[in-house]
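Here is the structure we will look at.
Just so you know, all these numbers are worked out from the coordinates, no wet-lab data involved. It should be emphasised that the depicted structure is a prediction, and the values quoted were computed from it without experimental measurement. Heads up, the Cβs are rebuilt from the backbone with ideal geometry, glycines too, and the neighbour counts pull from every protein chain shown.
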Amino acid sequence: MRTYQIDEHTLLRFAEKKDTPLILRFIRALAEYEHLSDQVEADEHTLEKYIFDDRRAEVVICEYDGTPAGFALFFHNFSTFVGRPGIYIEDLFVNPEFRGRGLGKLLLKFIAKTAVERNCGRLEWACLNWNEPSVAFYKSQGARPLSEWTGYRLTGEGLRKLALAP
């Protein structure tokens with residue numbers, strides 16, 4: 001297990017297969033915070049398959065005094081303009097009772113360091129516009145919103161319809 005003791009209270013570690021139930025709990029807590037609980041389809045089986053068996057994503061767990069306090073899930077993408085891979089953070093979440101201790105910053109910094117070590121050209125993520133505390137946090141870290149770009153998404157029936165179109 002790859003672990004990184006940050007200070008006497010805080011440990012960051014890459015998740016292992018046995019952490020799958022914990023990862024799902026974090027995902028559900030994040031969805032609840034974002035008022036999107038009805039959209040969670042993930043289950044332990046699919047998370048285990050895609051994160052650990054197929055290695056499509058990586059997860060970092062943050063522990064505070066031995067208690068799981070937060071997580072970040074990320075994966076590699078590729079920038080044709082930069083000509084190198086990047087990292088996309090899908091989720092970064094700290095349980096409410098652990099906020100204000102700098103754990104979110106530690107997770108973000110850890111993934112930024114990982115991106116630099118892997119010679120990535122970009123680190124990207126999305127944040128809901130109404131989430132003002134997170135927007136302010138990301139800006140304070142030097143991130144800037146991509147206001148000139150609009151994200152698009154196909155899911156469910158729309159995705160299937162396009163895939164099957166003649």
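Can you give the net charge of the other residues whose Cβ lies under 14 Å from the Cβ of Ile111, counting K and R as +1 and D and E as -1? With Lys, Arg at +1 and Asp, Glu at -1, the net is +2. Between the residues Ile87, Thr155, Tyr50, the greatest Cα displacement towards the positive end of the dipole of the chain, with unit charges on the Cβ of Lys, Arg, Asp and Glu, is found for Ile87.
Only Lys, Arg, Asp and Glu carry charge here, each on its Cβ (+1 for the first two, -1 for the last two); on that basis the chain has a dipole of about 640 debye about its Cα centre. Pairs of Cα atoms nearer than 8 Å and 6+ residues apart set the relative contact order; for the chain it is 15 percent.
Extending 7 Å from Cα along the Cβ direction at Lys161 and again at Ile6 yields two label points whose distance is 4.4 nm. Counted by Cβ distance under 12 Å from Asp19, the other residues give a net charge of -1, where Lys and Arg count +1 and Asp and Glu count -1. Taking a Cβ cut-off of under 15 Å around Gly86, the surrounding Lys, Arg, Asp and Glu residues balance to a net charge of 0, with basic ones at +1 and acidic ones at -1.
Annotation for segment 116-166: GluC sites (Glu not before Pro) lying in DSSP loop with at most 15 further Cβ atoms inside 10 Å of their Cβ are Glu148.
Restricting the GluC sites (Glu not before Pro) of segment 1-81 to loop positions (DSSP other than H, G, I, E, B) with no more than 10 neighbouring Cβ atoms within 10 Å leaves Glu8, Glu41.
Close amide H pairs (under 5 Å, H built 1.01 Å from N) link Asp91 with Leu73, residues at least 5 positions away or on another chain. Inter-label distance, Lys49 to Phe78: 2.5 nm, where each label sits 7 Å from its Cα along the C-beta direction.
Under the rule that an exposed site lies in a DSSP loop and has at most 14 other Cβ atoms within 10 Å, name the longest stretch of the chain with no chymotrypsin sites (Phe, Trp or Tyr not before Pro) of that kind, not counting the sites themselves. That gives 1-80 as the longest site-free run. In plain terms, the residue of Arg84, Arg13, Arg144 with the fewest other Cβ atoms within 10 Å comes first and the most crowded comes last, giving Arg144, Arg84, Arg13.
Under the convention that each Lys and Arg Cβ holds +1 and each Asp and Glu Cβ holds -1, the size of the dipole of segment 1-84 around its Cα centre is about 400 debye. Under 5 Å between amide hydrogens, built in the peptide plane, is the criterion, and for Gly70 it picks out Cys62, Asn95 among residues at least 5 positions away or on other chains. Placing unit charges on the Cβ atoms of the charged side chains and taking the dipole of the chain about its Cα centre, the candidate lying farthest along the positive direction among Ala115, Gly104, Val60 is Ala115.
The phi-based Karplus calculation (6.51 cos²θ - 1.76 cosθ + 1.60; θ = phi - 60°) puts the 3J(HN,Hα) values of segment 41-49 at 9, 4, 9, 4, 4, 5, 4, 4, 4 Hz, whole numbers, x for Gly and Pro.
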